[in-house]
Amino acid sequence: MSKFERNPRPAPRTSRRDAADWLLVEQVLAGLRSTPKRLSPAYLYDRRGSQLFEAICELPEYYLTRTETGILARYAAQMAECIGKQALLLEPGSGSSRKTRLLLDALPDLTAYVPVDISRTHLLEAARAVQAAYPRLEVLPVCADFTQGFTVPPSRRPHSRVVVFFPGSTLGNFDAAEAIRLLGLMRRAAGDGGGLLIGIDLAKDPTILERAYNDAAGVTAAFNLNLLVRLNRELAADFDQESFHHKAVWMPAQSRIEMHLVSARRQTVHVAGERVEFAAGERLVTEHCHKYSAESFASQARTAGWTPRRSWRDPRGYFSVQYLETV
Ligand code: AVI
């Protein structure tokens, strides 16, 4: 039985874990009470969700990972030139650190690599693998939620500058104000003279975009629907997976793909002891994936204190990796 079944709205308790659970219940319920109903995309990434996301990155329709990897592989030497010698590389949301290796290969004199991830097991596993592959590099894993800010841990050797590496177009999952706040946190972590190397997915033909988020094999659908499984397990909810379907739609005015779970019929769902009504066809918004122009990204970055210095694209112009500095 879930701990929320008997006491669906627990009063804040003493431990940090209980406080985190309380926050989760309150945030989920607030999202389900809003119009349209909306949940944070962070909830998509439980263990199963993270596995499904890894599978998404391999899909033929999901061009993002492959395209960005291609850009990094082709231009790593130029990126390394921008980063300069004896830098410290900080990677928020590092996950498997797979793309990072392309950079590490081009940066033999890096002072330290600081992967930051909320999943301790994942983080330590990836950090161990990087350490084994680059034995002379100091690897300093930090287990933290990067959206709350980060501190750079002390390294053995002094560094010339801190460079934040934020690939994957993860910034696109944040709405404008949040994205600017996040870029500001990175600016603070990098300090004066620091850099940011960031992957940005570009706006393109909506057919290509909608296909990338509505794949034929149904992996993105499983990823989205897994959120309901998580709510059933962790918040004593009773969502019927069969009564919702996945849909990803391009919203031109906002320049974003929205991931929806659409209610197939009129229904009542219970979540942490609260009744939630869904009309037939009503959507629950689970993720925003913003797509940028060079200008729209540069404007957000400038607002957060970054100056664009250099950018690289793939031949089709689908994706861009950008290097920015603090001055
Ligand atoms: C993690 N993030 C950059 C992905 C994206 O494309 O916005 C998440 C994702 N959602 C569905 N497919 C992939």
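The values are calculated or read from the model by the stated rules, or taken from the named source; none is laboratory data. Note that the structure is a prediction, hence the values are computed from the model and not measured. Because the Cβ atoms are built from the backbone with ideal geometry, glycine has one as well, and the counts that use them run over all protein chains shown. Ligands, DNA and RNA are stripped out before the accessible areas are found, and what is left, the full protein with its side chains, is counted by its heavy atoms. Shrake-Rupley method; radii C 1.70, N 1.55, O 1.52, S 1.80 Å.
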Quiz item: Taking the Cα centre of the chain as the origin, how large is its charge dipole in debye, to the nearest 20, when only Lys and Arg (+1) and Asp and Glu (-1) carry charge on their Cβ atoms?
Solution: 500
Quiz item: How do Ser320, Ser119 stack up against each other in accessible area, from largest to smallest, with a 1.4 angstrom probe?
Solution: Ser119, Ser320
Quiz item: Label Ser296 and Ser243 with points 7 Å out from Cα along Cα→Cβ: what is the distance between them in nm?
Solution: 3.6
Quiz item: So, in Å, what gap is there between the alpha-carbon centers of segment 143-160 and segment 295-314?
Solution: 23
Quiz prompt | Separation of alpha-carbon centers, segment 229-286 and segment 40-60, rounded to whole Å | solution = 17
Quiz item: Relative to the present Cα-Cα distance, how much length would full extension add between Arg265 and Asp145 at 0.36 nm per residue of separation?
Solution: 39.5 nm
Self-check item: Loop GluC sites (Glu not before Pro), segment 49-78 (other Cβ atoms within 10 Å of the site Cβ: 13 or fewer; DSSP)
Solution: Glu58
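Taking the alpha carbon gyration tensor of segment 72-221, what are the square roots of 5 times its eigenvalues, largest first, to the nearest whole Å? Each step should come with its number before you reach the end.
Details: eigenvalues 143, 62, 55 Å².
Largest first, segment 72-221 gives 27, 18, 17 Å.
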Exercise. Compute the distance in nm between two label points, each set 7 Å from the Cα along the Cα-to-Cβ direction, one at Ala55 and one at Ser34.
Key: 2.9
Quiz item: Relative to a virtual label point 7 Å from the Cα of Gln27 in the Cα→beta-carbon direction, which members of segment 75-97 show backbone nitrogen distances below 12 Å?
Solution: none
Quiz prompt | Three principal axis lengths of segment 248-314 [C-alpha, angstrom, descending] | solution = 52, 25, 20
Practice problem: Go through His122, Val142, His159 and say which Cα lies farthest out towards the positive end of the charge dipole of segment 106-186; charges sit on Cβ, +1 for Lys and Arg, -1 for Asp and Glu. | Solution: His159
Quiz item: What Kirkwood radius, in Å to one decimal, follows from the Cα pairs of the chain?
Solution: 21.0
Quiz prompt | Gly168 long-range amide H proximity, modeled H, under 5 Å | solution = Gly199
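Based on the Cα gyration tensor of segment 216-327, what are the three equivalent ellipsoid semi-axes, each the root of five times an eigenvalue, rounded to whole Å and given largest first? Please list the in-between numbers first.
Details: eigenvalues 283, 52, 34 Å².
Semi-axis lengths for segment 216-327 are 38, 16, 13 Å.
Roughly how many debye, to the nearest 20, is the charge dipole of segment 47-158 about its Cα centre, given +1 on each Lys and Arg Cβ, -1 on each Asp and Glu Cβ, and no other charges?
Computed charge dipole of segment 47-158: roughly 260 debye.
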Quiz item: Carbon and sulfur: what percent of segment 113-182's accessible surface (1.4 Å probe)?
Solution: 56
Quiz item: Mind listing the phi-derived Karplus ³J(HN,Hα) values for segment 271-278, rounded to whole Hz, using 6.51, -1.76 and 1.60 with θ = phi - 60°, and x for any glycine or proline?
Solution: 9, 6, x, 9, 7, 10, 9, 10
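How big, on average over all directions, is the shadow cast by the Cα convex hull of segment 144-210, in nm²?
On the way: hull surface 23.5 nm².
Computing the convex hull of the Cα atoms and averaging its projections yields 5.9 nm².
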Quiz item: Mind checking the angle between helix 47-57 and the chain's longest principal axis? C-alpha axes, 0 to 90 degrees, to the nearest 10.
Solution: 60
Self-check item: Environment charge of Leu228, counting only residues whose C-beta is closer than 12 Å and scoring Lys/Arg +1, Asp/Glu -1
Solution: -2
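Per DSSP H run of n ≥ 4, the term is -39500 (n - 2.57); total these for the chain, divide by its residue number, and report the mean residue ellipticity at 222 nm rounded to 500 deg cm²/dmol.
The helix-only estimate for the chain comes to -11500 deg cm²/dmol at 222 nm.
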